[in-house]
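Comments concern the structure below.
The values are calculated or read from the model by the stated rules, or taken from the named source; none is laboratory data. Just so we're clear, the structure is a prediction, and the values are computed from it rather than from any experiment. When we count neighbours, we look across all protein chains shown, and the Cβ atoms used for this are built from the backbone with ideal geometry, even at glycine. To get the accessible areas, we keep the full protein, side chains included, count just its heavy atoms, and leave off ligands, DNA and RNA. Shrake-Rupley method; radii C 1.70, N 1.55, O 1.52, S 1.80 Å.
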Amino acid sequence: MAVRLAAAVLALCVSAGAHAAPQRALASQVAARGVDDEIIYFLLPDRFDNADASNDRGGLTGDRLHTGYDPADRAFYHGGDLAGVMRRLDYIKALGATAIWIGPVMKNRPVQGAPGHETAGYHGYWITDFTQVDPHFGTSADFARLVAAAHARGLKFYMDIVVNHTADVIKYGECPVAPCPYHSRADYPYQRRGGIGGAAINPGFAGDSIGTPANFAQLTSPDYAYTPVIDAADRHAKVPDWLNNPIYYHNRGDTTFAGENSTMGDFAGLDDVMTEHPRVVRGMIDIYADWVRRYHVDGFRIDTAKHVDPAFWRAFIPAIRAVARHEGLPHFAIFGEVGGGSDNAQYQAVSTQVAHFPATIDFGFRFKVIDAVSGKGGTDLLENLFAIDPLYAGGEAAARDQVTFVSNHDNGRIGWFIRRALPQAGDDEVLARVTLAHAMLMTLRGVPAIYAGDEQGFAGLGDDQNAREDQFGSQVAAFNAEKLIGTGTTTADPHFGTDHPLFHTIAQLAQIRQETPALRSGRQIVRARSTVPGLFAVSRIDPADGHEVLIAFNTATTPVSAQIAVEVGTTHLTALAGTCPAAANAPGSLRIDLPALGYVICDGRK
Ligand SMILES: [Ca+2]
Ligand SMILES: [Ca+2]
Ligand SMILES: [Ca+2]
């Protein structure tokens, strides 16, 4: 609390134009918090708020195929920018978030795609210049101001970074039009041009698993699988300049997200970086260490992390963390995107062991919460998820650093999944289920990431482009036809009010989480579960004094009442949310009554 008061006082100094010293002091106070203390708010800058119309076209001229700007089309830039985030920092803070994760801000190829199928890089994942802010979002000076202003409010600032690929600049001579089938190492080995019967090339190259400069010095011809072709106008399209050499890419064609091509194939033509190459390892460390040094950002969310070889991450992660420590950031957060199917938790855990990720985005959590709160399964889905936790590197304690979520920009929003699972459900029921999902997000183990718009009842129309509505008032007809949850407004209206029921609930839960260390960093014990929709209960154990906080959820549409086993020392209870019994009704057991789709948080004491 003292930290926050000091932050507020110093924020006044900063906004009054005072010097850099108090800013540095503030940043160090923010940096002293552990990663599990945060509540993350994730936003795409293009879709959050537009405070500067002068940058909407990114300084480009011409039609939308040149500027990327078309606010009526969900696949193009809509005008949101860093200045827009800047003027909503107080809104984000009012929700109770303590950290912002912002979609990639680096300069993108504004438009790409086959003729008639062009879309824009509004999402930020098609980088050409890894060192600059995209002019659609503002300037590097705007970015520096935004990070400093976030720190001045006690907010951490996480960047979204990409290593796996760049924009689609390289084409293949043998495949001028996508899709280009993947050419494997078996059929197209590095030492033959264009397949087994081809001319001998790259003599002495011992393969991509030997990551020494001496070995990769033998890899001189990039045309073993396809012949990479770069338009004359694009010879220096990428920054830093070394990224323009095709030898630093796999050049094997499109991924099907399976087997070898999961790490070596192109995502729909995006140039897949040869992350095994020691020059690439060094280059990417230099690029991203520079962002840490220049702006003192507090962490990286790593896009497409699963599609980069683990050896790269074993070099990159400690190098970045060493730079961060040197810059006074001892708790630099790194969480990778390791996506997959509904049994994803095991792959997440493996990635912490093999690629040494400190944490990942918790897709496993998302899958199980969606299925549990939409009644597709019992609450044992959640029990099974948490049973995996000891497999993370660092064990169950490390699993508490997993970044949990129920909605995102790629896979869709929780409200959409609930409506899809329960098409007959009325608005009140959908709101109750979305609320329950957020109660799980804010209290169960992990670091919660709230997706911008969820707190305003956005449900979306599906995944990817259909889950990226504008929060500042949309011109996309399909978005504006969407029925929002818990409100009569539409996405045509700006949504920065604080009176939506979901905003209210999330803010309340965020405050409880802030005041209850057990919910942030306490060990979690499953207390009750069911093979059908119904009761799920856990205890979180206070890391300092060992007292118990009991949290119970009801995923059924009828009330539940049950005895729940607790610690024998837990005799008296105080309700933090919902209605709790005043005391245990026998040593080590207490009675919980929950309304349909309800939840309680009970602070236990002797
Ligand atoms: Ca703008
Ligand atoms: Ca890759
Ligand atoms: Ca390409």
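Per residue, the Cα convex hull of the chain amounts to 150 Å³.
Using C-alpha pairs under 8 Å with a sequence gap of at least 6, the mean separation divided by the residue count of the chain gives a relative contact order of 12 percent. Highest average first, the peptides 425-432, 296-303 ordered by how many other beta carbon atoms sit within 10 Å of their residues are 296-303, 425-432. Give the accessible surface of the chain per residue, rounded to a whole number of Å², with probe radius 1.4 Å and ligands, DNA and RNA excluded. So the chain comes to 36 Å² accessible per residue, rounded to a whole number. Legend: P(r) of region 301-423 from all alpha carbon pair distances, 5 Å bins from 0, whole percents, reading 2, 11, 20, 21, 18, 13, 8, 4, 2, 1, 0. Across the options Ala459, Phe363, Gly79, the greatest Cα extent toward the positive end of the charge dipole of the chain (unit charges at beta carbon of Lys, Arg, Asp, Glu) belongs to Phe363. Find the centroid of the Cα atoms in region 245-262 and in region 176-215, then give the distance between the two in whole Å. Cα centres, region 245-262 to region 176-215: 11 Å.
Summarise the accessible area of region 160-229 (1.4 Å probe, protein heavy atoms) by the percent that is carbon and sulfur. The computed percentage sits at 60. Solvent-accessible area assigned to carbon and sulfur over region 419-492 amounts to 48 percent, based on a 1.4 Å probe.
Computed extension length for Val229-Trp242: 3.1 nm, one decimal, from 0.36 nm per residue of separation with the Cα-Cα distance subtracted. Descending by average beta-carbon neighbour count within 10 Å, the peptides 276-282, 176-182 line up as 276-282, 176-182, the highest first. Element breakdown for region 264-380 at a 1.4 angstrom probe: carbon and sulfur atoms account for 53% of the accessible area. Roughly how far apart, in whole Å, are the Cα centres of region 24-46 and region 351-377? About 22 Å separates the Cα centre of region 24-46 from the one of region 351-377. The distance separating the Cα centre of region 414-445 from that of region 92-167 comes to 29 Å. Within a straight-line Cα-Cα reach of under 21 Å, Lys156 can be paired with the following lysines, leaving aside sequence neighbours fewer than 8 residues apart in one chain: Lys93.
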